[in-house]
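To start, the structure under review is shown below, and the notes come after it.
Just so it is clear, none of the values below were taken in a lab; they were calculated from the coordinates. Please read these numbers as outputs of a predicted model, since none were measured by experiment.
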Amino acid sequence: MTTSETSRFVRLRVELVLEIEDSAAITGAALQRIAEDDDMAGDERAHAEAAVNEDEAEALAYLVDPFDLVSEVPGADLVQASWSSEQVDYDPDSPDWDLDVDDDESGDALDADD
């Protein structure tokens, strides 16, 4: 593919596993962010507050913004973003969590040497 045929768009995939050390701090920060969001409708705010109080992963999703990850990258403009968070059973010793393994488009794991 020549430079003129190359897409100007790049999909950046980032997967993070975070250990929640202070659930109350995360929940409190998410509730504060929701309270400060002037664009959020009242019924949406009530739903968001309930979700954040019920689930730390939901609270974390309100605190993480993909725009913050790329806003300082020169020459790039975020055109679309989606994100979610979920609780996972994490075992750092399990080969399922090996960072040297990438997923191909079909979802099958590929070794870095393939």
Quiz item: Once fully extended, how much extra length lies between E19 and A50, figured as 0.36 nm per residue of separation less the alpha-carbon to alpha-carbon distance?
Solution: 9.0 nm
Exercise. Decide, for segment 48-92, between rounded, prolate and oblate: order the square roots of the alpha carbon gyration tensor eigenvalues as a ≥ b ≥ c, take rounded if a/c falls under 1.5, and otherwise choose prolate if a/b is larger than b/c, else oblate.
Key: oblate
Self-check item: Gained length - A35 relative to Y90, 0.36 nm times residue gap less alpha-carbon distance
Solution: 16.6 nm
Quiz item: From the backbone phi of segment 64-75, what are the Karplus-calculated ³J(HN,Hα) couplings (6.51 cos²θ - 1.76 cosθ + 1.60, θ = phi - 60°) in whole Hz, Gly and Pro given as x?
Solution: 9, 10, x, 4, 4, 6, 10, 4, 9, 6, x, x
Quiz item: Which whole-Hz ³J(HN,Hα) couplings does segment 33-43 yield from phi under the Karplus relation 6.51 cos²θ - 1.76 cosθ + 1.60, θ = phi - 60°, glycine and proline marked x?
Solution: 4, 5, 4, 7, 7, 5, 8, 7, 5, x, 5
Quiz item: Could you give me the ³J(HN,Hα) list for segment 16-21, computed from phi with Karplus coefficients 6.51, -1.76, 1.60 and θ = phi - 60°, whole Hz, x at Gly and Pro?
Solution: 10, 10, 10, 9, 7, 9
